[in-house]
Structures are given as structure tokens and as C-alpha cells.
Amino acid sequence: MGSALFLVCSLLLAGYVTRRLGRLPENAAEVLNRFVIDICVPATVLRLVPKMTVSPALAVLVVVPWLMAGAAYLSARLAQRVFALDVSNTTALFLATALGNTSFLGFPLCSGLLGESSLPFAAVYDQLGSFLLLSTVAPLALGKVSAGARATPKQLARRVLLFPPFLALLLALLPLPHPVALEPVLAAAAAPLVPLAMFAVGLKLRFSPPRPARVFGLGLGLKLFVFPGLAWAVARALGARGLVLEVAVLETAMPTMITAGALMMAYGVAIELAAAFVSWGLILSLLTVPIWSLLVR
């Protein structure tokens, strides 16, 4: 656990310092993230998912993120009434708590804290939970508060079906032979996932003032403390045990998804709040996620 956290912190710091020194182009993080999404994550999925024993228990990893999104929506609507929030801040609170960093941060932390065997389970949670939410619910929510055009059902379907990790997951689940000769190729392609993803996250770190403070504090409290406990209760009620239970809790405990923050900023939705959720949530999660790992185990 200690070595995994040291690796993550070192790479985050390296990326942050590199950006401050201006050593890379402004779009360096986007390029690295594209390589991770298109190459490293699909290779990881193709390498590990076929080794996973498919069972009804995996349904928990699909149900939990969607239930957490429902809880996030209800929490945001309640906060809107209690704090008299505008639509922009309400949407930011909803997306920041519904969408977690379950791939770029979730994969390396699950691997480091639970072992490499947890990655196929994390891929199920990420692809059928977080990514589908990002591809369907997020554009609909943002479309209501921005002047941009809403995504059509056809565009949403194309985004989901043509996403490389999702295609890799579908391919890995097919009853096809997996040649042994591909193992070293997939291993080499998957190896840069952790260093590149964490370095890219460091390049995007921003420490803007967390305003409005009430929404910021509520969002972090829900995402890092309340929802992981709720996920544990739901997963246990559904009969989850072992790695399925541990991955469900740890992936729920991940901070706000970086892509969700980027989308909110691109749509002009609570820009400062979105940046604060991503930056501060990432730093605090390096303390809270290991604690959840110890508690759930």
C-alpha cells in the first residue's frame, strides 16, 4: 500500500512541477490521456478480463454506480432547496458526486491496494457504470444548463459503442480463443497505464479557491465519506463478498472524475467549483481511499 501511494504521489508531483516549469505543451495531458484511453486501458482489459470468472455477483459492480448516481441526484436536488442553489451549482454538485475517477485513479489504486486481480472487476465498474453515466447522463444534465446543442440518441450511442475500452470489454467477454502469443504484447501495452495516467493528472492539477464553500464541502463529504459507506451497505445487501465488495467500495470512494470536471468547465458550468472538486478531491482521496481499503478488508 505504501509503495503504491508513494508512486502515485511522486507521479502527480512530477506532472504538476513539469506544468509549472512549462516543459511540455499545453495539450500534453490530453495527448497522454488519449494514449492511456486508446492503448493502455484496452490492453489491460483484454489481458485480464478473459481470466475473470463471470458470475452473477458481477452485477453488483453495475448496479452500485447507478444507485450512487441516483443518490447523488437526490442529494443535489435537496441541497438546491436547502441552500437555494442555482441550476449551475446544482448540476456541478450532482456530476461531481455521481462521477468518480474510476479509471485513471481507480485502476492504479485498486491494483496497488487490492492487487492486480482486482483490475477486471474495476473495469466492469468503470465501463458499465462510470463511463456509461459520463456518456449518457452527463451530456443530458449539462445540456439543460448550457447554450450548447444537446447530444442526440444517435450521438450518445456512437460515443459509447466506439469508445476503445468499451469495445475491448465487449471483445474480452466474447467466447473467443485468446492466443498466448498476445500476452506479452498486451502486457507491454498495459504497463504504462499507471505512470502515464498519474503524470497526466498531475499536469492538470489546479488549486483554485473552493467556492461556494458550502457546496464544495458537501460535495467532498458525500463523494469521499458518505457514498462509499452507502456502497458498502448496498453491496453487502446484494450479497457481494471478497474482491467484488472491496472494488465496489473503493471505486465509489474515488474522487470526482477529471473528465467530468473538464466537461463542466467546457460547458461553463460552475467552473471554479468544478476545478476545486477535481483538484482537492484528488489530493484528499490519497488519504481516504486507503482508509476505506483497510475498513472494507
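With the chain treated as a Gaussian network of Cα nodes joined by springs under 10 Å, which of L176, L238, L132 yields the largest mean-square fluctuation?
L176
List the equivalent ellipsoid semi-axes of segment 200-240 in whole Å, largest first, each obtained as the square root of 5λ for an eigenvalue λ of the Cα gyration tensor. Walk me through the numbers before you get to the answer.
Working: eigenvalues 171, 51, 4 Å².
Computed over segment 200-240, the values are 29, 16, 4 Å.
Given a Förster radius of 45 Å and the C-beta distance between R158 and R297 as r, what FRET efficiency does 1/(1 + (r/R0)^6) yield to the nearest 0.05?
0.65
What are the equivalent ellipsoid semi-axes of the chain, built from the alpha-carbon gyration tensor (square roots of five times its eigenvalues), in whole angstrom, biggest first?
Working: eigenvalues 155, 99, 80 Å².
Equivalent ellipsoid semi-axes, largest first: 28, 22, 20 Å.
Which percent of the accessible area of the chain is formed by carbon and sulfur heavy atoms (probe 1.4 angstrom)?
Its accessible area is 69 percent carbon and sulfur atoms.
Go ahead and set up a Gaussian network model of the chain, Cα springs under 10 Å, then flag whichever of A260, A233, A71 fluctuates most.
So, out of A260, A233, A71, the one fluctuating most is A233.
What is the sum of charges, Lys and Arg at +1 and Asp and Glu at -1, for the other residues whose Cβ falls under 11 Å from the Cβ of L85?
Residues near L85 contribute +2 overall.
For the chain, with the dipole built from +1 on Lys and Arg beta-carbon atoms and -1 on Asp and Glu ones, taken about the Cα centre, which of A237, L109, A69 lies farthest toward the positive end?
A69
Have a look at segment 1-138 and give its Rg and Dmax from the Cα atoms, expressed in angstrom.
According to the Cα coordinates of segment 1-138, Rg and Dmax are 17.6, 50 Å.
Around R20, with a cut-off of 15 angstrom between Cβ atoms, what is the net charge of the other residues, counting Lys and Arg +1 and Asp and Glu -1?
In short, +3.
Angle between the Cα long axis of helix 164-173 and the longest principal axis of the chain, 0 to 90 degrees, nearest 10?
Between the helix axis and the principal axis of the chain, the angle is about 40 degrees.
Evaluate the relative contact order of the chain (contact order divided by residue number), counting alpha-carbon pairs under 8 angstrom at least 6 apart; express in whole percent.
33
At R0 = 45 Å, how high is the FRET efficiency between V226 and V185 if r is their beta carbon distance? Nearest 0.05 is fine. Please list the in-between numbers first.
Details: r = 42 Å, r/R0 = 0.94.
Step by step, r from the Cβ atoms, then E = 0.60.
Under unit Cβ charges (Lys, Arg +1; Asp, Glu -1), what dipole magnitude, rounded to 20 debye, does the chain have relative to its Cα centre? It would help to have the intermediate numbers written out before the result.
On the way: 21 positive and 10 negative charges, 108 e Å.
Charge dipole of the chain: 520 debye, to the nearest 20.
Using all alpha carbons of segment 166-297, what is the percent of pairwise distances in each 5 Å bin, ordered from the shortest bin to the longest?
2, 9, 14, 15, 15, 16, 14, 9, 4, 1, 1
Pick from P50, P164, P179: which residue has the top mean-square fluctuation in a GNM of the chain where Cα pairs under 10 Å get a spring?
The residue that fluctuates most here is P179.
Based on alpha-carbon centroids, what's the gap between segment 221-267 and segment 62-79 in Å, whole number please?
10
Give me a comma-separated list of calculated 3J(HN,Hα) values for segment 26-43, in order, Karplus coefficients 6.51, -1.76, 1.60 applied at θ = phi - 60°, integers in Hz, x for any Gly or Pro.
4, 8, 4, 4, 5, 5, 5, 4, 5, 5, 5, 5, 7, 10, 5, 5, x, 5
Hey, what do the phi angles of segment 92-109 turn into as Karplus ³J(HN,Hα) couplings, whole Hz, using 6.51/-1.76/1.60 and θ = phi - 60°, x for Gly and Pro?
So the Karplus estimates, Gly and Pro as x, are 4, 4, 4, 5, 5, 9, 7, 10, x, 7, 7, 10, 4, 9, x, 4, x, 6 Hz.
What whole-number value in Å² describes the accessible area per residue of segment 29-136 for a 1.4 Å probe? Walk me through the numbers before you get to the answer.
Values: 3800 Å² over 108 residues.
Accessible surface, normalised per residue, equals 35 Å².
Work through the residues other than A275 whose Cβ is under 11 Å from its Cβ and net out their charges, Lys, Arg +1 and Asp, Glu -1.
Once positives and negatives cancel, what remains is +2.
Determine the per residue accessible area of segment 181-297 with all protein chains present and a 1.4 angstrom probe, expressed in square angstrom.
Numbers: 4680 Å² over 117 residues.
With the other protein chains kept in place, segment 181-297 gives 40 Å² per residue.
The values are calculated or read from the model by the stated rules, or taken from the named source; none is laboratory data. Nothing here was measured: the structure is a model prediction, and the numbers come from that model. Neighbour counts run over all protein chains shown; Cβ positions are idealised from the backbone, glycine included. These area figures cover heavy atoms from the full protein model, side chains too; ligands, DNA and RNA do not enter into them. Shrake-Rupley method; radii C 1.70, N 1.55, O 1.52, S 1.80 Å.
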